[in-house]
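**Student:** The following block contains the structure, expressed as structure tokens.
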Amino acid sequence: MTAPLLSVKNLVKHFPIQGGLFGRVVDKVHAVDGVSFDLAAGETLGVVGESGCGKSTTGRCILRLIEPTSGEVWFDGKCVTAMDKTALRAMARDMQIIFQDPYASLNPRMTAGAIVGEALTIHKLTKTASEYEARIVNLLETVGLNGDHMRRYPHEFSGGQRQRIGIARALAVSPKLIVCDEAVSALDVSIQAQVINLLEDLQAQFNLTYMFIAHDLSVVEHTSDRIAVMYLGRIVEIAPARQLYVKPLHPYTEALLSAVPIPDPRVKRKRIVLQGDVPSPVNPPTGCHFHTRCPIAQHPLCSTEAPTLKETSAGHCVACHLRG
């Protein structure tokens, strides 16, 4: 087997909470609590879960937009977490991100051309002004915009068009990996479909690898090769997309899937309603983080020992004492 393009090993990110007169660290938020997975070249990994479960923080730690507390990130055979700033800047050409909010992620004082071309200037990818402009026009047209849009400002575009500019910006440096951080969640449903189709076309055209972060399981169902389900900073299940939807193993995954609407009114699905609220990441439950809401938690280990991801079938792993 070929080595994975991206390998994340026991990634942890704790945010300190400061308080008191002198701003001492009084506690910490367990945003990411020991995440591990591999991602092959050309593959799409969907990462799903409730808001606040650590999806976006995981993606940003991988790119080192946020410094991880501990753990390792290996990309293309190199340890990203051990790189200095110079090496990390060079590596940034191969690892890009598309942000969630197309309104906040674009500088309102820069034209679309300047936004897309900024990375070309930083990494010195073009030699002449004409080559620079031609490259920007090509990128805008690749994502479905017109070349003359390069002189417009962000406020002159719709939300879907702004997200296309964000995609063009990510493509400018010819990356290998793109982290799509809730890239379609702020868009209308019809526009979501267009952007998802665009991302799939770009993946086929440029052999891109995606980490597709979303909270909507119906969005990642058709775009992902594999899906990882996160709960309170941990991956509780990871499996091939079709297998996860047909035969989920973790009780939390079952609850998430039961909430996905079915367009056929003749098909009835039993809704699983979880009891209680999501625990605070400042003080997560001991043992399995999900045991306080789990409908099947009976084993003594559920509240005392954190379950590890165990492979139950080819590529299907679950972190559960009763289902593993």
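The numbers here are math on the coordinates, done by the rules we state, and not lab data. Values in this document were obtained by computation on a predicted structure and should not be read as measured data. Because the Cβ atoms are built from the backbone with ideal geometry, glycine has one as well, and the counts that use them run over all protein chains shown.
**Student:** Taking each full run of DSSP H in the chain as one helix, which ones are at least 15 Å long along their axis (Cα atoms) and have mean Kyte-Doolittle hydropathy of at least 1.0?
**Tutor:** Helices meeting the criterion: 112-122.
**Student:** Holding the Cα-Cα limit at 26 Å, pick out from K13/K310; K9/K270; K28/K310 the pairs that are longer than that.
**Tutor:** Correct reply: K9/K270; K28/K310.
**Student:** What ranking do 268-278, 68-78 get when scored by the average of other Cβ atoms within 10 Å per residue, highest first?
**Tutor:** 68-78, 268-278
**Student:** What is the ratio of the Cα radius of gyration of the chain to 2.2 N^0.38 Å, with N the residue count, to two decimals?
**Tutor:** Normalised by 2.2 N^0.38 Å, the Cα Rg of the chain equals 1.06.
**Student:** Compute the Rg to Rh ratio over region 279-324 from the alpha carbon atoms, using the Kirkwood formula for Rh, and round to two decimal places.
**Tutor:** When Rh is taken as the Kirkwood radius, the ratio is 1.01.
**Student:** Over region 248-316, consider all pairs of different Cα atoms and compute the Kirkwood hydrodynamic radius from their mean reciprocal separation; express it in Å, one decimal.
**Tutor:** Computed over region 248-316, the radius equals 14.1 Å.
**Student:** Right, here's the next one. Subtract the Cα-Cα distance of E141 and A82 from 0.36 nm times their separation in residues, and report this length gain in nm to one decimal.
**Tutor:** Value of the extension gain: 17.5 nm.
**Student:** Something else: Would you mind getting me the FRET efficiency between I262 and L21? Use the beta-carbon distance for r and R0 = 56 Å, nearest 0.05.
**Tutor:** 0.50
**Student:** Percent of Cα-Cα pairs per 5 Å bin, from 0 to the last occupied bin, for region 118-224, please list those.
**Tutor:** Computed distribution, short to long bins: 2, 11, 23, 23, 20, 12, 6, 2, 1.
**Student:** Further question: Just to compare against my own numbers: the Cα pair-distance distribution for region 64-111, 5 Å bins, whole % per bin, please.
**Tutor:** In whole percents, the pair-distance histogram is 5, 15, 24, 19, 15, 12, 8, 2.
**Student:** Multiply the residue separation of K127 and V12 by 0.36 nm, subtract the distance between their alpha-carbon atoms, and state the gained length in nm to one decimal.
**Tutor:** 37.3 nm
**Student:** Report the label-to-label distance for D201 and Y103 in nanometres (one decimal), using points 7 Å from each Cα along the Cα→Cβ vector.
**Tutor:** About 2.7 nm, to one decimal.
**Student:** Moving on. On each of the three principal axes of the Cα atoms of region 91-133, give max minus min coordinate, whole Å, ordered largest first.
**Tutor:** 32, 26, 11
**Student:** Can you tell me the dipole magnitude for region 221-291 around its Cα centre, using point charges on the Cβ only (Lys, Arg +1; Asp, Glu -1), in Debye to the nearest 20?
**Tutor:** For this selection, approximately 300 debye.
**Student:** Assuming 0.36 nm per residue, please report the length gained on full extension of the stretch D216 to R89 beyond their Cα-Cα distance.
**Tutor:** Stretched fully, the D216-R89 segment lengthens by 42.5 nm.
**Student:** Which of L217, L139, L21 moves most in a GNM of the chain, Cα contacts under 10 Å?
**Tutor:** Greatest mean-square fluctuation among the candidates belongs to L21.
**Student:** Which log10 I(q)/I(0) values does region 1-119 give at q = 0.16, 0.17, 0.18, 0.19 Å⁻¹ under the Debye formula, counting every alpha carbon as one identical point scatterer?
**Tutor:** Those come out to -0.94, -1.02, -1.09, -1.16, one per q.
**Student:** Next question, about the same structure. With every atom except the alpha carbons ignored, what do you get for Rg and Dmax of region 59-142, in angstroms?
**Tutor:** Taking only Cα atoms of region 59-142, I get Rg and Dmax of 15.2, 45 Å.
**Student:** Return P(r) of region 166-324 (all Cα-Cα pairs; 5 Å bins starting at 0; whole %; ordered from short to long distances).
**Tutor:** Spelled out bin by bin, region 166-324 gives 1, 8, 15, 17, 17, 15, 11, 8, 4, 1, 0 percent.
**Student:** May I ask you to evaluate 6.51 cos²θ - 1.76 cosθ + 1.60, the Karplus curve with θ = phi - 60°, for each residue of region 242-250 and list the ³J(HN,Hα) values in order in whole Hz, giving x for glycine and proline?
**Tutor:** Each residue of region 242-250 in turn: 4, 5, 5, 6, 7, 9, x, 10, 7 Hz.
**Student:** Moving on to the next point. Report D for region 45-192 in µm² per second (integer): Stokes-Einstein, Kirkwood Rh on Cα pairs, 20 °C, 1.002 mPa s.
**Tutor:** Estimated diffusion coefficient is 131 µm²/s.
**Student:** When the helices in the chain are scored as -39500 (n - 2.57) per DSSP H run of 4 or longer and the sum is shared across all residues, what 222 nm value do you end up with, to the nearest 500 deg cm²/dmol?
**Tutor:** Theoretical 222 nm ellipticity from helices: -8500 deg cm²/dmol.
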